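The values are calculated or read from the model by the stated rules, or taken from the named source; none is laboratory data. Predicted model only: the values in this text are computed from it and were never measured. Virtual Cβ from ideal backbone geometry, glycine too; neighbours counted across all protein chains shown.
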Amino acid sequence: MITIWHNPRCSKSRQTLALLQEKGAVTIRKYLEDAPRADEIKKVQALLSVPLIRMMRPKDARFRELGLSLSDDEATLLAAMVDNPILIERPIVLANGKAAIGRPPDAVLEIL
């Protein structure tokens, strides 16, 4: 099963979704409407094996509005992501017990 944390307004997310749909069925989670819980974000972080900041959009205006910084601790960043899912990098694809960020879109192919 393939799941994409998708934002339809994002061109990279749309491109990644189209790529995945060529491969078969995809479950779409519009994460701005169905925000992931803290435990879900932590699970994906573990699958990605990256610091939490790498799952975020630090150039997003909301990141600055919240006064966040690249050096904030993970608890602060996690709370910000839960409360403001717009900060989550997009798209994130889950498949075969693995995760990948679709930037560039074909980066997700390695987990299929």
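Checking each residue in region 26-52 for being within 19 Å of GLU110 (Cβ to Cβ) and either of a type in the set (Phe, Trp, Tyr) or in a loop (DSSP other than H, G, I, E, B) (or both) picks out VAL26, SER49, VAL50. Touching a strand residue (DSSP E or B) at 6+ places or on another chain (Cβ under 9 Å) and hydrophobic (A, V, I, L, M, F, W, C), is that true of ILE41? Judged against the criteria, ILE41 is a match. Here LEU77 meets each of (1) under 17 Å from ILE4 (Cβ atoms); (2) touching a strand residue (DSSP E or B) at 6+ places or on another chain (Cβ under 7 Å); (3) hydrophobic (A, V, I, L, M, F, W, C) with one exception, condition (1). In this entry, ILE28 is excluded by the filter for residues that are within 15 Å of TRP5 (Cα to Cα), β-branched (Val, Ile, Thr), in contact with an Asp or Glu (Cβ under 8 Å, 6 or more places away or on another chain) and surrounded by 13 or more Cβ atoms within 10 Å (Cβ to Cβ).
Restricting region 53-104 to residues that are assigned to a loop (DSSP other than H, G, I, E, B) and in contact (Cβ under 8 Å) with a residue 40 or more places away in the chain leaves a set whose member that is farthest from ALA38 (Cα to Cα) is PRO104.
Every condition in (1) surrounded by fewer than 14 Cβ atoms within 10 Å (Cβ to Cβ); (2) at pLDDT below 95 holds for SER71 except the one numbered (2). Among the residues making up region 13-41, those that are more than 17 Å from ALA100 (Cβ to Cβ), touching a residue at least 24 places away in the same chain (Cβ under 8 Å) and not hydrophobic (A, V, I, L, M, F, W, C) are LYS30, ARG37. The criterion of being of a type outside the set (S, T, N, Q), surrounded by fewer than 17 Cβ atoms within 10 Å (Cβ to Cβ), assigned to a loop (DSSP other than H, G, I, E, B) and in contact (Cβ under 8 Å) with a residue 12 or more places away in the chain does not hold for LEU109.
Of the residues making up region 55-103, those that are charged (D, E, K, R) and closer than 19 Å to VAL44 by Cβ are ARG57, ASP60, ASP72, ASP73, GLU74, ASP83, GLU89, ARG90, LYS98, ARG103.
Restricting attention to region 1-25 and to residues that are within 13 Å of the chain's Cα centre (by Cα) and part of a strand (DSSP E or B), the residue that is surrounded by the fewest Cβ atoms within 10 Å (Cβ to Cβ) turns out to be THR3.
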